[in-house]
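Colleague: Okay, handing you the structure first.
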Amino acid sequence: MPHKIITVIGLTCLLGACAPAQPPVARPPTTLEQQLSNAADLSPLNTEFNAGLGNLTWLDDSAVQAPTVENSWLRVWNTNRGSVWYSDTSGSMLYAYTTGDLMVETKIKSNQRTDQKARSDSRYTSAGLIIRDPDSSAGKMRWLVFNIGSQDGFFGTEVKTTRDSTGFSLDSFLGNSSLSTWYSNKIEGSSNEFQLRICRIGAEFRFYAKPVTASNWQEEIISADTVKAGSEAPVAGINGNGAIRLQRPDLPTTLQIGIMSNDIEVAGTSENHFDYLRFKRINNFELCTQ
């Protein structure tokens, strides 16, 4: 009997039933978006959410409750637990097209719905920054995220990188052929309000975090205490203990850059809040800690 079950499951997967839903198709940028994306000054893309969404747009908002602004923060409450950022599955994001070397920053609270000062406590509830190749498609998802929130049992940061698979694997047999690898670090203390930055120069991406009560930005690292999950394939920019500096030469010059929200728990009790999203041109990584 077990052999028959496995055979049926395998046949079903071959017929496509195990494959994830197709990711949303990104519309091409408008003429105005192209102009803003290439500008030397990216401040017109800056968004203070108490004034609306500015020049940002949604890529699939089906996974979130109708977002509202509360006390100048954008409140995002995930309702579709199947739409999440992992492997070939994609969730909702609010973004602007942006080109070239830059720094993007946001301020986030990942909290319980009943108490905004309490940390999110669902299994995977996180919020943060996302950078995505507009041409991502099933089996060829290319994006990375940097977030804070519940990371499978602890409150911490997460850097996740997703790219095309290479060769045959069980995941590709099941239709999940994009590879995600994530690295999480526990955040000590009780604060649930952080500022996050991603900096890009060329093909290199670096990640910085700061609790709102702190003065200094800290670059995200991998250490003996870092929790890793996902693909076991080598990840360019991850070399033992040290700073996480992802090398993504596969990503194009023009990207979709913005904010994302995940909540995988079926009976989620948490939500995420965003204060702002800001962009800035940079020509060296030293600017990312200023």
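Readers should treat all values here as calculations from the given coordinates under stated rules, not as data from a laboratory. Everything numeric in this text was worked out from a predicted model, so none of it was measured. No Cβ is skipped: glycine too gets one built from the backbone with ideal geometry, and neighbour counts run over all protein chains shown.
Colleague: Taking K and R as +1 and D and E as -1, what net charge do the other residues with C-beta under 13 Å from the C-beta of Tyr97 add up to?
Modeller: Residues near Tyr97 contribute -1 overall.
Colleague: Among 201-209, 114-122, 85-93, how do they line up by average Cβ neighbours within 10 Å per residue, starting with the highest?
Modeller: My ranking of the peptides, most packed first, is 85-93, 201-209, 114-122.
Colleague: Moving to a separate point now. Quick one: net charge around Ile257, please, counting Lys, Arg +1 and Asp, Glu -1 for every other residue with C-beta under 10 Å from its C-beta.
Modeller: +2
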